[in-house]
Every structure is written in structure tokens, then in C-alpha cells.
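Scroll down for the structure; my scribbles are underneath it.
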Amino acid sequence: MKSRQSLTREQEPEKRIKNFDEVNLGYSEECAKEEAERCLQCANPKCVDGCPVSVDIPKFIKYIKEGKNYMAIKSIKKTNNLPGVCGRVCPQEDQCEKECILGIKNEPINIGKLERFAADMEERDFKAPEKNTDRKKIAIVGSGPAGLTCAADLALAGHKVVIYEALHDTGGVLRYGIPEFRLPKSIVDNEVDYIQKLGVEIKKNSLVGRTYTLDELRKKFDAVFIGVGAGLPGFLGIQGEGLNGVYSANEFLTRINLMKAYKFPDYDTPIKKAKKVVVVGGGNVAMDSARSAKRLGSEVTVVYRRSLEEMPAREEEIKHAQEEGIHFMMLTNPVKVLGDEKVEGIECMQMMLGNADESGRRKPLPIEDSEFDIECDQVIIAIGQGPNPLLTKAVSIEHDPRGYIRVDENMMTSIPGVFAGGDIIGGDEGAGATVIHAMGAGKKAAKAIEFWVKQKKLVVE
């Protein structure tokens, strides 16, 4: 039996650092069947418990084994309307694959790659579902993974759904945050196209709070779901962050992904192509930023205040970054960006690990008199993000001190009939900063909205 790695096809590192094409090329049909044959078809599949959207994993894998790819994707889409996305960017190794019984002594089934295979093999002979006779009108604010999932589930339940998207294109973080080499935008387009075929209407360039008020939506619709994500970039609060050449990861990746700055001047939005770039952070956003900068021709260094073992980025993303020649400096924390008007370097301090903090990871502690400088002409800050206050300031809705919208156990906000989910609500129900958890929140909200509109109808009657 071949190893999982030998079954996976990828662009070679020396080639892929010169383009933005997808790195992982997916399984061939032969390899997909070979991997599917490893599945034990457990009577009590723990992998399903590990999936935030409860995909029947053994069932779709069995279909792939039997060569019934059309049945595999049909099975997946009973609970997951974005399989092409999830198969590429979801951290299966920490979710469904983590629960696979084969992983106790051997390698778990590569569920993510099989899901991607099924999605890529789909023949899109779409047939619209029948509509029920008492459907309601639902507004969705935001077309990211939470909004798209909520919209699809409600449309499949027969309701009239309209998505309001502030940007000029759909997908939210799927489009502006994740690079083409990890998630081709053609895949996002396919998933959105499927959801529109379910009957969902999408209004772009529609900023709720400005273009439309929440009160206007409440008068027009039976329920509203807010899934706008958390797009406010975090900064270090150190001297020199205002210098020319310092980017938030949000701006850097949005310019590249949404505005296609890597194709400038074919597209209008430029981006500085630096000689030496320092990326601050250790998550997937930091890896996306570092690998994008590398493809622009920069020499890239990632600095992270903890150890490599404690980096929150996916193992696959770290591995790909290392293969692409990106330098990692662990136990390193920036204290000042150097320069007069533009970035000339960054001053850092060496760290050591103490006891575990509230995150469960060991707390980084500064080592006295350990400061040193790294020469660079660009710094990208990728240390996380918070809720954008634009919407919560524009509407009277209860939120916590950090700006996250508060919801009850049914995902309803302080305003009756207005629900929220995804990164905008933070916490366990927030999305965990992953696409699949945002989708899980969208599904939970869709069920709550379905119950709400039915109860509302009964009260009226």
C-alpha cells in the first residue's frame, strides 16, 4: 500500500513559487479508490462526530470505492454545500481525520482529499428542489462560508433567500483571504453558482448599515442572519507600525486575492514587491501571507513568539512554506519596526516558553537583553483579527466589549428575528477561525431560523 503522501500530486516547490496556480493537484481516480479502500466502514464512525457539519463520511467514501462518484457528491451535499472548498482548506487533521480509528496505529483516511476528489468529479446536472407553499423571506448579511451555508440550507427548505454582500464579489474570506494556490477562485465560483441555482438571490455592493439599514431588512423579511465575519485586522501596538511598508495581512491578502494585485498591471490594484519581507504570526493567515510574498519574488522570514510545535497553522501549510524556502525564526517577538518614513528593518526579542496560558499553549516570556535586528523592507502583521465595528455601530444590537455580537443558545441576537453566526459572534459558536466551523454555525442558525419562522406563523394565525 502506498503512503498517503505518495498518492498526493503536487506542483514541485521550485516551479510553484513562480506562479499562483494550485499547489495540491488532488487525487487521480485510481488513487482515490485506493485510499477509499482503506476505510473500515466502522459501525460507529467517530469521524462523523468530528465533522462540524456531520457529513456521512463512510457513506461517501464507500461510493468512491465503488466508482459511484456521482453518488458520493450527492451524499456529501446532504449536509455540506461547499465540498470543493472544504476538501481544500478545512483542517481535517484536527477534526474528522483525528477521530479515524486507523490513525491509532497507522495513517488515518485522508478524508479531506477524498471530499475534494468527489467535488471535483461532480457533473453539475442541477435540478432545482421543489418549493414549499408557505415559504418565508430570509435576508442573509454576508456571503462568506457562514452566510452561504445558512442561505443554502434555508433555500433547500423552500424559503426565499436574499444575500447582501458588501464587496463587489462573493465568498467573503474564501475570496479575499485564501490565496489562489490554496483555493482557486473558480472553485468558489462553482460553489456560489450552485447555491444561486437553489434559488438564492445575491445583491453585491450592498453594505448593510449604509446601503440598507437593518430596520429596512427586518420590515421586508421574516428573519435576518448576520454572517459578516471578523475583518478588523489586529496589530502589535509597537513603535513604527505606521511606517510605509507595513501591511496588515488583511490588506495584503485582499489586494492579492480579491483585487488580483499579483497580475498588475493587467489588474488595476498594485502591491509593493519587496526584497525582504518579515511576516509576524504563526497561523494559516501568516502562512498565506508568507507564501504569497514568496511568489511575488521576495525573500521571506516568518517570526513567531512560540515554538514550531505550537504554531496554529496546518501542518501541510507549514510544510509547503518550508519546501518553498521560507525561513522560520521561532521564539522571536517583534518590539519595534525600524525606519524613518519607510520600513528598513524590525527589532525583535528572543523568547522562552513558560507554563501554559489560557489558550492551553505555553506562554512566551521575553529573555532580557536579547534584542536583535532583522533587515527587511516590508512587514506583514498576521496576528489575528476581530469584529469590524462598522455594522455593530450602525445598528442597535447587543455586543460584548470586544465588539462580537451576542447570541443566545438559538443563535438569536438581542433583536427578535435577527440571528448571527460565524466569526462575528466569536467564542465556541463563532467559527473557531475556520471555514468549516463557520459553516457549522450557519447550519445551526438555519435550523433556528426555520423554527422561528414556523413559530411566528403559528402566532400570527
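A few notes on this one:
- Each residue in segment 341-353 was checked for being of a type in the set (D, E), in a loop (DSSP other than H, G, I, E, B) and either without any contact (Cβ under 8 Å) to a residue 40 or more places away in the chain or surrounded by 18 or more Cβ atoms within 10 Å (Cβ to Cβ) (or both), and 1 pass.
This table checks each residue for (1) within 22 Å of A448 (Cα to Cα); (2) among the aromatic types (F, W, Y); (3) under 13 Å from the mean Cα position of the chain (by Cα).
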| site | (1), (2), (3) |
| --- | --- |
| L156 | yes, no, no |
| T170 | no, no, no |
| Y176 | no, yes, yes |
| K197 | no, no, no |
| V200 | yes, no, no |
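- Residues in segment 93-119 that are among the basic types (K, R), under 19 Å from V53 (Cα atoms) and out of contact with any Lys or Arg (no Cβ under 7 Å at 6 or more places or on another chain): K98, K113.
- Scanning segment 195-240 for residues that are in a strand (DSSP E or B) and of a type in the set (S, T, N, Q) yields a single hit, Q239.
- Enumeration of residues in segment 337-348 that are within 9 Å of D373 (Cα to Cα) and more than 30 Å from the chain's Cα centre (by Cα): L338, G345, E347
- Only listed residue being within 30 Å of G209 (Cβ to Cβ), outside any strand (DSSP E or B) and more than 25 Å from the chain's Cα centre (by Cα), chosen from I383, I397: I397
- Total residues in segment 249-275, condition crowded, with 17+ Cβ neighbours inside 10 Å and part of a helix (DSSP H, G or I): 10
- Residue within segment 93-104 that is at pLDDT below 95, in a loop (DSSP other than H, G, I, E, B) and crowded, with 17+ Cβ neighbours inside 10 Å present: yes
- Residue match in segment 301-310 (condition: within 17 Å of the chain's Cα centre (by Cα) and assigned by TED's automatic domain parsing to the domain that holds S370): no
- Test result for V192, part of a strand (DSSP E or B) and not assigned by TED's automatic domain parsing to the domain that holds G345: no
The values are calculated or read from the model by the stated rules, or taken from the named source; none is laboratory data. Remember, it's a predicted structure, so these values are computed and weren't measured experimentally. Positions of Cβ are backbone-derived with ideal geometry, glycine not excepted, and every protein chain shown enters the neighbour counts.
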